[in-house]
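**Student:** Starting off with a structure, shown below.
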Amino acid sequence: MSFDEDFENIYAKGRQRSWKDRFSFNSYRRKGFCSTLLFLGLIFLIVPLFIGTIYHFAIMKRSFDSASLKSLYEQYQDKFESFGYSGAVAEETRANATIVSLVRNEELWKMVDSIRDVEDRFNGKYHYDWVFLNEEEFTDEFKRVTANLVSGEAKYGKIPRSEWSFPDDLDIPKYEQSKQKLVDDNVIYGGLDSYRHMCRYNSGFFYKHPLLQDYQWYWRVEPNIKIYCDVNYDPFTFMIENNKTYGFVMALKEFEATIPTLWKTTKEFIQQHPEYVPENNLQQFVSRDGLRTYNLCHFWSNFEIANMDFFRSQTYEDYFQYLDSKKGFFYERWGDAPVHSIAASLFLEKDQIHLFNDFGYYHNPYGACPMNQEIFIENRCSCDYTKDFTFSLHSCAPLYYDIQKLEKPEGWRKKVRFPAPFMEN
Ligand SMILES: Nc1nc2c(ncn2[C@@H]2O[C@H](COP(=O)(O)OP(=O)(O)O)[C@@H](O)[C@H]2O)c(=O)[nH]1
Ligand SMILES: [Mg+2]
């Protein structure tokens, strides 16, 4: 077949098809209906999606832009003030107290969770101030978001550099070496300089901060904690009326690797100052063999309600200075929890220490949940009491109950066993 004949053939075939054939639905379906539809579909899907995304980010940017956030807050300020926290307790009946949080800017949203819980369960009725401390400047966002949630006055303080830095006479090679050892031994936070500064600051400085000079009492609140029960009374005035100085919720054992020489150092101190140790102290909580060894029990200091006069006393100041001179906050990794606890147990009368057994509280990984049903119901607790840490195997609270001759709640023997990966005893 010649090229012409071939062409004629094909052309003739084409002519035989009517215009109906060519444009009929079947024809379209055969020839590319699917791809046309796909093309149109993509256009209809992608274009709105693209525009939507751009719009979304533009709106997000605008609403989180600090200026518009600020004006939004200002706009709603009156409303927050009027409906948020009604029925406040009169100022005259309140204690000279504040809530205090040492916190990093990047912990803002964890702090927000804690504030909501404390405000909803307690402070919404009392309007105590809230002091936030940080070794850096707080960001505007941090201040704006938290101040908006606190029902008292929110205050923001920067920690002096001298209180959050290595002492001049720290032996740096020795420090690096001992730090590495803790890292090799997988000791929690063993490799962190910042954690050591934090523990030292909480041990010997927070109560000296200018913003805290106006107050006598504090409640320490960390980011990311939970308050599970209503606090239907003022724990500060409770402490005052009952001659208490130091209050806690949970007690457990410290990781021995973080404090190898803390007890030895403490014993040296009390040998030099026997006058600082009152007769009716709580030493059995920290030592079961007449002060020979430390049993590692400590009050979990992420929650504390206490009188700063204690920390500001000559006794405590001398104790802190002695500890600090040994550099154990750096060469080891002494925590503020064992330091506060040993001090409270040795330098206070045992009646001055109080366990808030009606508080529902959680700090990762443990929680306290009142097993006493009356308390649980009256305070509208929202925790699982079968998971209460207080009477579990690794808790030091049962020892505390025994020393203080407190009545344990019904069912306390059904101890809950917790996984305790870091516990050594
Ligand atoms: N500003 C500031 N706060 C810190 C720093 N490290 C810890 N904190 C705070 O100190 C408290 C204890 O620290 P955290 O990480 O919770 O330790 P943990 O409770 O022992 O696991 C919390 O309130 C933290 O927000 C830090 O480097 N800077
Ligand atoms: Mg914590």
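**Student:** Would you kindly compute the Cα radius of gyration of the stretch 144-209 and its largest Cα-Cα separation (Dmax), both in Å?
**Tutor:** Radius of gyration, then largest Cα-Cα span, for the stretch 144-209: 16.3, 48 Å.
**Student:** FRET efficiency for Q404 and E378, Cβ-Cβ distance as r, R0 = 22 Å, nearest 0.05? Show your work: numbers first, answer last.
**Tutor:** On the way: r = 23 Å, r/R0 = 1.04.
For R0 = 22 Å, the calculated efficiency reads 0.45.
**Student:** If you stretched the chain out fully between E279 and I188, how much longer would it get, using 0.36 nm times the residue separation minus the C-alpha to C-alpha distance?
**Tutor:** 29.2 nm
**Student:** What trypsin sites (Lys or Arg not before Pro) in the stretch 321-410 are in a loop by DSSP, with at most 14 other Cβ atoms within 10 Å of the Cβ?
**Tutor:** Sparse-neighbourhood loop trypsin sites (Lys or Arg not before Pro): R380, K405.
**Student:** Taking 0.36 nm per intervening residue step and subtracting the Cα-Cα distance, what contour gain separates Q314 from R94 on full extension?
**Tutor:** Difference between extended and current length: 76.5 nm.
**Student:** Tally Lys/Arg at +1 and Asp/Glu at -1 over every other residue whose Cβ is under 15 Å from the Cβ of D289; what's the total?
**Tutor:** +4
**Student:** Determine the equivalent ellipsoid of the stretch 324-389 by diagonalising the alpha-carbon gyration tensor, then write out the semi-axes as square roots of 5 times the eigenvalues, largest first, rounded to whole Å.
**Tutor:** One finds semi-axes of 32, 17, 7 Å for the stretch 324-389.
**Student:** Here is a further query. Hey, quick one: spin label on F238, modelled 7 Å out along Cα-Cβ, who in the stretch 375-393 has an amide N within reach, i.e. under 16 Å?
**Tutor:** In the stretch 375-393, the label zone of F238 (backbone N under 16 Å from the point 7 Å along Cα→Cβ) covers 375-382.
**Student:** Please state the shape class of the stretch 238-383: rounded when a/c is under 1.5, otherwise prolate if a/b exceeds b/c and oblate if not, all from the C-alpha gyration tensor.
**Tutor:** On the way: a/c = 2.13, a/b = 1.58, b/c = 1.34.
It is prolate, given that a/c is not under 1.5 and a/b is the larger ratio.
**Student:** So the label point goes 7 Å from the Cα of D351 along Cα→C-beta, right? Which residues of the stretch 240-264 then have their backbone N under 11 Å from it?
**Tutor:** 242-244
Laboratory data are not the source of any read-out in this text; all were calculated from the coordinates shown. All values derive from a computational prediction rather than experimental measurement. No Cβ is skipped: glycine too gets one built from the backbone with ideal geometry, and neighbour counts run over all protein chains shown.
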